[in-house]
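For reference, the structure discussed in these notes is given below.
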Amino acid sequence: MVSEPPDLEVLPLGEPLVPPNIEGLFVDEILASPMVRHPDFRAEVEGWVDFWTTAASSWFPDYLRRMTWFEGTVDSTLALHGLPPSLRYLPVIESGYSPDAVSRANAVGLWQFMAPTAESLGMEVTALVDERRDPLKSTEAAAAFLGELHQEFGSWFLALAAYNAGPGRVRRLLIRYAPLEPRTDRLYWELRRYLPKETREFLPKLFGAIVVAGSPTSHGYELLEPDPFSFDEVSIPDATTLDVIARAAESTDAEISRLNPRYVRGMTPPRRQVSVRVPKGKGGVFYENYASIPVDERVSFVEHSVAPGETLSHIAVLYRVSVADLRAANPDVRPRYLRIGAMITVPVSTGLKRETKPST
């Protein structure tokens, strides 16, 4: 039986927003903020509710669908860290709950981490593996980061502004304009004029998404069945392309890619044991099938013999792959010192295949 998430009050707002009435949970500090009574803030929230139900109506259902994949993981991680449950809606405005989302500034994943921040939080960001795209790893990192921001700034509105604009910017504003003021949500409102436009809109946008995504049927959207991100985890001893993993797991390329967005080139790293997710119940059959695949057939690739004058860029253009793909598949190759006749591995795994390949 599917039940709709606890309703937030449908706008227009005659009364303040209230936290979801979930027995046993502490009061949601974000939804209980005095700022939700501020008439100007409420007016901006109403504007974003209108946006999510009109201008965004063609793509918002996709946000809600993807949310059903990951909301269980997000909810449990937030609860484990003692964070407000309403933060489950932050990936709605950050990425539309898409692990593959990339911003203009190259922030990546559900929680839109920049590479330096991700690495500082213990996530791997390399040519082959980008854990910002991993919904489990990135959610754990996001919860830790949000907790640190709230502890530093003492206000969820200031912490979320720091999440969007960067903690350094918010620190500088506080030092310059309010060094002795108590760190409150209302102080955020006083300082927001000094923040970038995107950050000024960030909190009203989030509250608008909370109202609509928290009560979709009240705003013209369908209530979707849960589609949990469930899987078996298997161990891969060396480089293997995702299409080979899909075949061994008796699954599809699309499903294996959905479960493993962190493998950004469609293959696992060479000379390294890693874990890979396969559909729930497929772990046993995967190991049985994988053991029968010869080692030299576990990567879908072609080999290219370097001709005089060729560079990795020439080879990449020839096969319609990126230079980054080639470098990741050939970690021992020194691009400036390609030897004539050397064999270059060209990955043609899921997402990189072409209909015809030049002779090599």
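None of the figures in this text is laboratory data; all of them are computed from the coordinates on show. Bear in mind the structure is a predicted one, so any value in this text is a computation, not a measurement. Because the Cβ atoms are built from the backbone with ideal geometry, glycine has one as well, and the counts that use them run over all protein chains shown.
Each stretch of four or more DSSP H residues adds -39500 (n - 2.57); spread over every residue of the chain, this sum gives -12500 deg cm²/dmol at 222 nm. Using the average count of surrounding beta-carbon atoms within 10 Å as a protection proxy, the listed peptides 138-146, 252-260 rank, highest first, as 138-146, 252-260.
A full extension of the chain between ARG104 and SER313 corresponds to an added length of 72.8 nm, given 0.36 nm per residue minus the alpha carbon distance. Residues whose amide H comes within less than 5 Å of that of MET267, counting only those at least five positions distant or on another chain, are LEU242 (H built at 1.01 Å from N in the peptide plane). Between 0 and 90 degrees, the angle of helix 60-80 with respect to the longest Cα principal axis of the chain falls at about 80 degrees.
Extent of the range 231-297 along its three principal axes (Cα atoms, max minus min coordinate, largest first): 27, 26, 16 Å. Remark: GLU310, GLU297, GLU131 ranked as GLU297, GLU310, GLU131, counting other beta-carbon atoms within 10 Å and listing the fewest first.
Taking a point 7 Å from the Cα of VAL302 along the Cα-to-Cβ direction, the residues of the range 249-271 with backbone N closer than 20 Å to it are 265-267. Separation of the range 272-336 and the range 189-260, taken as the distance between their Cα centroids, equals 27 angstrom. Counting beta carbons within 10 Å around each of ASP227, ASP40 and listing the fewest first gives the order ASP40, ASP227. How charged is the neighbourhood of ASP238? Take every other residue with its Cβ under 9 Å from the Cβ of ASP238, and add Lys/Arg as +1 and Asp/Glu as -1. In short, +3.
Using the beta-carbon distance between SER58 and ARG271 and R0 = 56 Å, what value does 1/(1 + (r/R0)^6) give for FRET efficiency, to the nearest 0.05? E between SER58 and ARG271, to the nearest 0.05, is 0.80.
Calculated translational diffusion coefficient of the range 34-219 (4 °C, 1.567 mPa s; Stokes-Einstein with Kirkwood radius over alpha-carbon pairs) equals 76 µm²/s. Translational diffusion coefficient of the chain at 20 °C, 1.002 mPa s, Stokes-Einstein with Kirkwood Rh over Cα pairs, in µm²/s as a whole number. Answer, rounded: 94 µm²/s. Among LEU136, LEU224, LEU187, LEU203, the ranking by other beta carbons within 10 Å of each residue's beta carbon, starting with the fewest, stands as LEU224, LEU136, LEU187, LEU203.
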